[in-house]
Amino acid sequence: MKIIDRLRQWWQIRTGEEETPFDGDSPAWIFSMLFHFFLLIAVTFMPAFVEPESENIYLAAIPEDPIEEIEAPEEFYFNEQPSEEVGANSAGGVTMAQALAQVVDEISDVPNPLENVQPTEIATIEINNTIQVATGPTFDRNLRVKGFVGHGATGAVGAIDRITHEILLSLEERKTLVVWLFDQTESLIPQRRAIHDRFDRIYEELGLIEAAGNPAFKKHEDKPLLTSIVGFGNSVNLITKKPTADLAEIKKALAEMPNDTSGTEKVFEAIFRALNEYKSMRYTDEHRSSPERNVMIVAFTDEVGDDQNGLEQTIKECRRYAVPVYVVGVPAPFGRSETMMKWVDPNPDFDQTPQWGRVSQGPESYLPEHIKLKFSGANEDEAIDSGFGPYSLTRLCFETGGIYFAVHPNRNVNREVNRGEISAFSSHISRFFDPQIMRTYRPDYVAPEEYLRRVRENKAREALVKAANLTWVSQLESPQTRFAKTDEATFVNALSEAQKAAAKIEPEINMVYETLKLGETDRARENTPRWQAGYDLAMGRVMAAKARTESFNAMLAAAKRGLKFKDPKNNTWILEPANEISTGSQTEKLAAKAREYLQRVIDEHADTPWSYLAAKELDNPIGWRWKEEYTPPPPPPGADNGDANPAPANDALRMLNRRPSRTVPKL
């Protein structure tokens, strides 16, 4: 109280007023406030001076019980199928079929045993026990949300080995029905034969595992694995009327499958029909709450299918009944729908001379994303690999949780494949690419509405798709570049005729260029590798073609105004390709910009179809230059030039042993 009295006196002396803030209950309130204020500060800083006790977590490897080794039967052997029928390295080589997910799993499927490891102290971990787990009446733990794409193989046998593994995974969950669908056209005869022989291996391998005591077989006492064979062409044929477990019946059904000569493949109708035929085996109750048996569909075909309009409905039904679709098909040619297939008559009684027929095997995307610009003097029938299968079939596998296997027996990622190397019933793909690299450039496997929405998000994408949908645009193909100057009038007339070639294609190139230029403002906003590479390659190639054509035209126009030979003996002017522009700064800037776009594709998208085509374009000089030389006059009429022609062959003798030939059927 003495302290309060002194404070009152101090306040009265300082202010001259009798009333002070320390009268009544004010002192008690002030001291209460100060006490709680210091108490709050003390509680706030207490953790800084007091070390809390933490509970440590230790990780230690628990020794596993020794696993009894199972000895394989002596009859076990590897694939003996001749490689020329199915494809090199098709059964066990480095390119053997393996699924490639678009995202690498961070948890290895292969256990890594830790021996003699002491407990190691690690940081304290807080575990949230409120995580919600997705549940549902039709949830299947083995069903993928999305399938695998971007897988390449050299033969169907390797793909079947992978499918055998998928069957085992399905059997671990429940009984399984596998529906095998086969294209009945003649081009699939060799593959059907190879698969017929492989069926022994498939069921033998499954039997081997069964004998070893695999739980997948012990779980099901009543025929855990059933098989059905379906053929398709212009119509769909249920070869096995009822699913069976009899291997002899399965092989007989495949061996006796008739050929379809219509050239029509209704693969989507076949998948849809097969699903409707066997969906009752998938669910026994109408509410589909308890799956009775897994159903897998495996289709073999070498074309994209003539009924792609059934894609959306087929996807919907397969997802509705949780049925994955696997397709052993062909690689789609990059940015195009057709390529050339090597056809050898499957009937040995007819001529076995290889012939070539056009076949539909692409493109790899919903809409074309690659401009159709021909290389100067190139064979437009030669195609390169897109890294993926045809869009419709690949998307069907992707959406249903299956796998698309792009099979080509001449697949080689290390070099170009010439036409003479192509195996019978295979398309001519001259260049293949590493699937590990290409999966970064996966097309958009989405519904058409979603695809168009994504295209409209960026002007560069929209411009590329519009340009790619234009007709084939030619560069200068074998233009006249040699001009003999006998007299001025003849020389000028020859130059004018040569200019017509450039005048013919210049409007086409300008139309594509102006279309692509509309998307240039949005190019910097594009961050998807596939769209980046596609736009840059298209812009670089079109700019190069435009600069090359304009320079050619300008060089001819300048020559009309007069050219003088440095050597008076020369009488011929030759316009040769060169990486120099002497016809104006605008064309020079255009050529420089073209090289910039093309080089960016090579630098940022190495070992892809886009970089391959960009390098090929850069190898073709953009500019031109004049070169002079002397051309000797032609020999006078009637001069004896010698007889260089060989003696005619005896066609009658040559034709005696020749077998009759048949024209290439509709493939």
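So which helices (runs of 4 or more DSSP H) stay within region 141-241 end to end and still have 1 or more residues that are within 30 Å of Asn410 (Cβ to Cβ), at pLDDT below 80 and β-branched (Val, Ile, Thr)?
So the answer is 156-173, 189-211.
Filter region 324-350 down to residues that are among the aliphatic types (A, V, I, L, M) and in contact with a helix residue (DSSP H, G or I) (Cβ under 6 Å, 6 or more places away or on another chain) and give me whichever is nearest to Ser426 (Cα to Cα).
Checking each candidate, the answer is Val328.
Quick one: is Asp385 in contact with a Pro (Cβ under 6 Å, 6 or more places away or on another chain), acidic (Asp, Glu) and assigned by TED's automatic domain parsing to the domain that holds Thr301?
Against the criterion (in contact with a Pro (Cβ under 6 Å, 6 or more places away or on another chain), acidic (Asp, Glu) and assigned by TED's automatic domain parsing to the domain that holds Thr301), Asp385 qualifies.
Can you name every residue in region 392-416 that is more than 13 Å from Glu312 (Cα to Cα) and of a type outside the set (A, V, I, L, M)?
Passing the criteria: Gly401, Gly402, Tyr404, Phe405, His408, Pro409, Asn410, Arg411, Asn412, Asn414, Arg415, Glu416.
Whether any residue in region 574-593 is within 27 Å of the chain's Cα centre (by Cα) and closer than 22 Å to Glu369 by Cβ is what I want to check.
Scanning region 574-593 turns up no residue that is within 27 Å of the chain's Cα centre (by Cα) and closer than 22 Å to Glu369 by Cβ.
Write out, first by first residue and then by second, each pair whose Cβ atoms fall under 7 Å of each other, whose residues are 6+ apart or on separate chains, and whose first residue, in region 593-614, is assigned to a helix (DSSP H, G or I) while the second is surrounded by 15 or more Cβ atoms within 10 Å (Cβ to Cβ) and among the basic types (Lys, Arg).
Correct list of pairs: Tyr612/Arg431.
So which pairs qualify, if the first residue must be in region 231-257 and assigned by TED's automatic domain parsing to the domain that holds Glu269 and polar (S, T, N, Q), the second must be part of a loop (DSSP other than H, G, I, E, B) and crowded, with 16+ Cβ neighbours inside 10 Å, the Cβ gap must be under 6 Å, and the two must be at least 6 apart or on different chains?
Filtered contacts from region 231-257: Asn234/Thr264.
I'm trying to understand the selection: among the residues of region 434-451, which are part of a loop (DSSP other than H, G, I, E, B) and of a type outside the set (D, E, K, R)?
Of everything in region 434-451, those that are part of a loop (DSSP other than H, G, I, E, B) and of a type outside the set (D, E, K, R) turn out to be Pro443, Tyr445, Val446, Ala447.
Only residues that are part of a loop (DSSP other than H, G, I, E, B) and either exposed (fewer than 15 other Cβ atoms within 10 Å of the Cβ) or among the hydrophobic types (A, V, I, L, M, F, W, C) (or both): list them for region 507-527, please.
Leu518, Asn527, listed by residue number.
Listed here are the residues, each with its yes/no results for (1) in the same structural domain as Lys560 (by TED's automatic domain parsing); (2) in a helix (DSSP H, G or I).
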{"site": "Phe432", "(1), (2)": "no, no"}
{"site": "Pro479", "(1), (2)": "yes, no"}
{"site": "Phe483", "(1), (2)": "yes, no"}
{"site": "Ala501", "(1), (2)": "yes, yes"}
{"site": "Ile505", "(1), (2)": "yes, yes"}
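Which condition does Val465 not pass, out of (1) crowded, with 16+ Cβ neighbours inside 10 Å; (2) of a type outside the set (D, E, K, R); (3) in a loop (DSSP other than H, G, I, E, B); (4) outside the structural domain of Arg193 (by TED's automatic domain parsing), if it passes all the others?
It is condition (3) that Val465 fails.
Quick check, is Val455 under 24 Å from Gly389 (Cβ atoms) and part of a loop (DSSP other than H, G, I, E, B)?
Spelling it out, it is not the case that Val455 is under 24 Å from Gly389 (Cβ atoms) and part of a loop (DSSP other than H, G, I, E, B).
If Glu457 satisfies all but one of (1) modelled with pLDDT of 90 or more; (2) under 19 Å from the mean Cα position of the chain (by Cα); (3) surrounded by fewer than 17 Cβ atoms within 10 Å (Cβ to Cβ), what's the number of the condition it fails?
For Glu457, the exception is condition (2).
Sort out which residues of region 530-587 are part of a strand (DSSP E or B) and crowded, with 20+ Cβ neighbours inside 10 Å, and write them in order of number.
Hits for region 530-587 are Trp573, Leu575.
Does Arg548 meet the test of being within 27 Å of the chain's Cα centre (by Cα) and not β-branched (Val, Ile, Thr)?
no
Would you confirm whether any residue within region 467-475 is under 19 Å from the mean Cα position of the chain (by Cα) and β-branched (Val, Ile, Thr)?
no
The values are calculated or read from the model by the stated rules, or taken from the named source; none is laboratory data. Owing to the predicted nature of the structure, the values given are computational and were not obtained by experimental measurement. Glycine gets a Cβ as well: all are built from the backbone with ideal geometry, and neighbour counts include every protein chain shown.
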